[in-house]
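Below: the structure, in structure tokens.
The values are calculated or read from the model by the stated rules, or taken from the named source; none is laboratory data. Because the structure is predicted, anything quoted here is derived from the model rather than measured. Reconstructed Cβ throughout: ideal geometry from the backbone, glycine too, with neighbour counts over all protein chains shown. Quick note on the areas: whole protein, heavy atoms, side chains included, nothing else; ligands and nucleic acids left out. Shrake-Rupley method; radii C 1.70, N 1.55, O 1.52, S 1.80 Å.
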Amino acid sequence: MLSTLMSDTPEHEGPASEHEGPTSDQREGSGYDFHEIQERWLPVWDERAPFRSGLPGDDRPKKYILDMFPYPSGDLHMGHAEAYALGDVISRYWVQRGFNVMHPIGWDAFGLPAENAAIKRGENPMRWTYENIAQQKSSMRRYACSFDWDRVLNTCDPEYYRWNQWFFLQMFERGLAYRKASNVNWCPNCQTVLANEQVVAGQCERCDTLVTKKKLTQWYLRITDYADRLLNDMSQLEGQWPEKVLLMQRNWIGRSTGAEVQFAIEGRDQPVTVYTTRPDTLFGATFFVVAADSDLAAELAADSPAHAEFTSYLEQVKQVSEMDRLDSSRAKSGVFLQRYAINPVNGERIPVWASDYVLADYGTGAIMAVPAHDQRDLDFARAFNLPIQVVVDAGEDPAVTGIATADDGPHVNSGPLDGMAKAEAIEAMLAVLAERGTGQPSVNYRLRDWLISRQRYWGTPIPIIHCPTCGEVPVPLDQLPVELPPADGLDLKPKGASPLGAAVEWASVACPKCGAAATRDPDTMDTFVDSSWYYLRYVDPRDDTRAFDPAKVREWLPVDQYVGGVTHAILHLLYSRFFTKVLYDMGLVDFTEPFTRLLNQGMVVMSGSAMSKSRGNVVRLSDELAVHGVDAIRLTMVFAGPPEDDVDWADVSPAGSRKFLARAWRLSGDVTSAPDADRSTGDLALRKATHRAVHDAAQAVESFRFNVAIARAMELVNATRKAIDTGCGPADPAVREAAEAVAIMLSLVAPYTAEDMWARLGHEPCVALAGWPAVDPALLVEESVICAVQVGGKVRDRLEVAPTISEEDLRELALASASVSAALEGRGIKVVIVRPPKLVNIVPE
RNA sequence: GUCCGAGUGGCGGAAUGGCAGACGCGCUAGCUUGAGGUGCUAGUUCCCUUUACGGGGAAUGGGGGUUCAAGUCCCCCCUCGGACACCA
């Protein structure tokens, strides 16, 4: 069957547009018809499934290449086309290198986009989601991604989210999942809470609505327990992940070191603790501020004459949007609570204020204000005419300049600290505090616990039952999964409470402990829970006895290469790293970092800006594929530049890509030697070009310089064309060797063209499994190289020399050059730098 | 404001401190063609010089430095992009 197809794959079988009758070979380029080639090979690949991984008896070494899985919100777009083309080059390369590559795909199928779209169209989110998945799956198949289609998973399948629930309960048991009441980020439009990570510049990352605060009792995962490990384990990722991502993670975790200091408050039994990174400036603390929205502020204001003023201020604070609150240029506001704190080092009475510039949920929600050396404190002091005490002499007087001095300098007005520099003063102050029992060193993080409750339908139900007597009761493991009730009949419109609560039959259950009437937790989980461990599930997505088999995970993980957008630099990657560490502690995995190497591809933009409907600059992938074909689009994406850079579709040429593919493809039709021709007898120059190209392309691919790898393939195509037309001729075995090498190189990026070339060269499918050509080191050695001879750094002559030429010989040769003597103009020679075989630099006096 | 990146032809981009501009797009000329959104050949950083072959000089945002040698390393400045942004 296939051999028949192959053997009569003639170049005359072109499209209708092609001329009839006899014409010269030079016309044959138009015989390249990507439509026909795509239709021919897709079914063959379906049948042969060349990318199944981990089959029994497969003893190739294992490699795990992972693309970030897509949201099924519509068909694939240009961004997908770029990301998956890049991941595919890497995956296909390692397959060619003889690895048993697991390259899976799945769908991140729960979440707000799907649900909102479903509401808008009055549809069922499940049906809508699965339809999109089917659409994307079919597009990906046509796009010829080297996925192992036996490992597909959808996070919205109960077989998958069951294990979300299982993980949640494991964490609940370990105290890592807990419920607490606090002021949470609330999106009034989505009508749901948001994690800190989902608030971007004070706005909802989904709909850009201004985020407000709301006091709610919600489920959290205790990621802060892992803050130090999330930070320290990044040493494993240095050099493997983009430096930028590591930096963003570091900043997000935001570890700071300082001290906790206890301040007595007049009229209060217990002292109040503050956190400061500058305990050395304690003598400069001239007032004390508590977060206006903290419990402490309310308590201190309760029996104060300032009570009424405070209450109205608090109301005012609550009105301020998150957006405005984050504006650091906003004028400081606050209320004097008519209370006093006592500075523990000098006994000074300092006024206590409430303000919204102090955050209730960072540190202790209260600060000692040192206006001379903290800009925010200074702004506040100037606004309310509070005293400013300089304790570090850094030149300018902040009270005059309005600029707080945070620099190092000798301490003044600081008793025993006087004259000390910052580091020394911090040490000394910590000793003083320790001695008096009023403070100790402390570490704080910007990172907060991960809020995972969502008041929406399309997600994983939280497997907890609320019992009036037993409290929070986990759903027994044998009752998992807690499946979502059908959406039909439920009002999914956001209204502040989860739609699941309205599914009365579903929500009403007997308490597993006492049997009394109880209700299910109506919230669903943040979908980042789903994506925090999906890479583990791929080892066996159909395992219905556990989330994953630890033995199989040991075989495949950690992921060797992860490919995805930088948009997930914080959220998804941080959460996944956290999950992995928890699983490590549970003894289920034997590694602490899930993704060994990370590649962040850029975006596809149009004329300098992101594609958007409002801009009207959206390029449709399906249109591009129809005009240029899958291979040309993939090639264009990969050849455009370094993978991390954005691809501007206005700057690239898919038509040029197609022309190159046709040119390469034509080589395969010109070869007249037999498939078993003895390559070693071929034209030496072309053979050298082939082996050089194969060698350099491999190096380029391994260092993510895919555009360079393609340039090497283009050079080889050009050299082969020349050899056929004006060199050794089409019958030379070197031409066959070169054409085959081109086919294999192209198989990474243009699989249809490569497969067709392979067939025309007389081989069985699949070219993807042909194996990367072995490079003969002898053929990488040049017989001669051009040596540049410089005089005073300027090239004055070029010599053809043996690559093995000695330093002495080369020096002699260079000095003998007529051009050199001319350039020297009679000057003497100061020094001669000889770097055989490529360069000599003669420096005149 | 703070912290990161990045600036190379008309364009996308190449270049272990060692001949800047690989490869491609675009453009120009020629050939092929009934025709060209085809194919092939040649050319294409800028300036000066030469009838021509050729020759010379300048050039990797700007300025300094290290070096025999700098797009690459160091310092200052400019521009653009990104991330974070009251985190005490």
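Some points to look at:
- Single match in A:Ala425, A:Ala369 (criterion: closer than 15 Å to A:Thr286 by Cβ, open to solvent by less than 30 Å² (accessible area, probe 1.4 Å), within 16 Å of RNA strand B (Cβ to nearest atom) and within 42 Å of the chain's Cα centre (by Cα)): A:Ala369
For every residue, the table says whether it meets (1) free of Cβ contacts under 8 Å to residues at least 24 places away in the same chain; (2) within 10 Å of RNA strand B (Cβ to nearest atom); (3) hydroxyl-bearing (Ser, Thr, Tyr).
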position	(1), (2), (3)
A:Glu764	no, no, no
A:Pro773	no, no, no
A:Asp776	no, no, no
A:Leu780	no, no, no
A:Ala802	no, no, no
A:Asn841	no, yes, no
A:Glu845	yes, no, no
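- Considering the stretch A:537-571, the residues that are under 16 Å from A:Pro242 (Cβ atoms) and outside any helix (DSSP H, G or I) include one that is most open to solvent (accessible area, probe 1.4 Å), namely A:Ile570.
- Qualifying residue in the stretch A:592-605 (condition: outside any helix (DSSP H, G or I), at pLDDT 90 or above, more than 14 Å from RNA strand B (Cβ to nearest atom) and among the acidic types (Asp, Glu)): yes
- In this structure, A:Leu447 qualifies as within 38 Å of the chain's Cα centre (by Cα) and open to solvent by less than 30 Å² (accessible area, probe 1.4 Å).
- The residue list A:Val630, A:Val638 contains one member that is of a type in the set (Val, Ile, Thr), touching a residue at least 12 places away in the same chain (Cβ under 8 Å) and within 15 Å of RNA strand B (Cβ to nearest atom), which is A:Val638.
- A:Asn164 being within 30 Å of A:Leu583 (Cα to Cα) and either small (Gly, Ala, Ser) or open to solvent by 10 Å² or more (accessible area, probe 1.4 Å) (or both): no
- Residues satisfying the stated conditions in the stretch A:134-156, i.e. of a type in the set (Asp, Glu) and either surrounded by fewer than 17 Cβ atoms within 10 Å (Cβ to Cβ) or more than 26 Å from the chain's Cα centre (by Cα) (or both): A:Asp150
- Consider the stretch A:61-98 and keep the residues that are farther than 20 Å from A:Val638 by Cβ and either of a type in the set (Phe, Trp, Tyr) or open to solvent by less than 10 Å² (accessible area, probe 1.4 Å) (or both). The one that is farthest from the chain's Cα centre (by Cα) is A:Pro72.
- For the stretch A:326-356, a tally of residues being under 21 Å from A:Val200 (Cβ atoms) and either modelled with pLDDT of 90 or more or crowded, with 17+ Cβ neighbours inside 10 Å (or both) returns 1.
- Condition check for A:Glu131: at pLDDT 95 or above, open to solvent by 60 Å² or more (accessible area, probe 1.4 Å) and either touching a Ser or Thr at 6+ places or on another chain (Cβ under 9 Å) or not in a loop (DSSP other than H, G, I, E, B) (or both): no
- Breaking point among (1) touching a His at 6+ places or on another chain (Cβ under 9 Å); (2) modelled with pLDDT of 95 or more, for A:Phe528: (2)
- Any hit, the stretch A:406-418, residues being within 11 Å of RNA strand B (Cβ to nearest atom) and under 29 Å from A:Tyr340 (Cβ atoms): yes
- Members of the stretch A:641-675 that are open to solvent by 50 Å² or more (accessible area, probe 1.4 Å) and farther than 15 Å from A:Val735 by Cβ: A:Pro642, A:Glu644, A:Asp645, A:Asp646, A:Ala650, A:Asp651, A:Ser653, A:Arg658, A:Lys659
- Any hit, the stretch A:373-385, residues being more than 22 Å from A:Val443 (Cβ to Cβ), touching a helix residue (DSSP H, G or I) at 6+ places or on another chain (Cβ under 9 Å), part of a loop (DSSP other than H, G, I, E, B) and more than 8 Å from RNA strand B (Cβ to nearest atom): no
- Filter pass, A:Ile426 being within 30 Å of A:Leu112 (Cα to Cα) and of a type in the set (Val, Ile, Thr): no
- Residue list for the stretch A:826-839, restricted to those being over 20 Å from A:Val781 (Cβ atoms) and either within 11 Å of RNA strand B (Cβ to nearest atom) or open to solvent by less than 70 Å² (accessible area, probe 1.4 Å) (or both): A:Gly828, A:Lys830, A:Val831, A:Val832, A:Ile833, A:Val834
- Residue satisfying all of: in the stretch A:594-615; among the hydrophobic types (A, V, I, L, M, F, W, C) and open to solvent by 30 Å² or more (accessible area, probe 1.4 Å); farthest from A:Phe578 (Cα to Cα) among these: A:Met606
- Per-region count, the stretch A:269-278, residues more than 8 Å from RNA strand B (Cβ to nearest atom) and open to solvent by less than 20 Å² (accessible area, probe 1.4 Å): 1
- Flag if A:Ala434 is free of Cβ contacts under 8 Å to residues at least 40 places away in the same chain and in a loop (DSSP other than H, G, I, E, B): no
- Selection within the stretch A:475-528 - crowded, with 19+ Cβ neighbours inside 10 Å and assigned to a strand (DSSP E or B): A:Ala518, A:Arg520, A:Thr524, A:Met525
- Test set (1) closer than 30 Å to A:Ala778 by Cβ; (2) more than 10 Å from RNA strand B (Cβ to nearest atom); (3) open to solvent by less than 80 Å² (accessible area, probe 1.4 Å) - A:Asp809 fails condition number: (3)
- Answer from A:Ala201, A:Ala181, A:Ala177 - the residue that is modelled with pLDDT of 90 or more and among the small types (Gly, Ala, Ser): A:Ala177
- Taking the stretch A:195-305 and the strands (runs of 3 or more DSSP E) fully enclosed by it, the elements with 2 or more residues that are more than 30 Å from A:Ala117 (Cα to Cα) are at A:256-265, A:272-276, A:287-291.
- Sole exception among (1) outside any helix (DSSP H, G or I); (2) closer than 25 Å to A:Thr438 by Cα; (3) within 12 Å of RNA strand B (Cβ to nearest atom) for A:Gly347, by number: (3)
- Within the stretch A:724-740, tally of residues that are among the hydrophobic types (A, V, I, L, M, F, W, C) and either crowded, with 24+ Cβ neighbours inside 10 Å or touching a Phe, Trp or Tyr at 6+ places or on another chain (Cβ under 7 Å) (or both): 4
Yes/no matrix, rows are residues, columns are (1) open to solvent by 70 Å² or more (accessible area, probe 1.4 Å); (2) within 19 Å of the chain's Cα centre (by Cα); (3) acidic (Asp, Glu):
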| site | (1), (2), (3) |
| --- | --- |
| A:Asp225 | yes, no, yes |
| A:Asp228 | no, no, yes |
| A:Ser235 | yes, yes, no |
| A:Pro242 | no, yes, no |
| A:Leu247 | yes, yes, no |
| A:Asn251 | yes, yes, no |
| A:Gly258 | no, no, no |
| A:Ala264 | no, no, no |
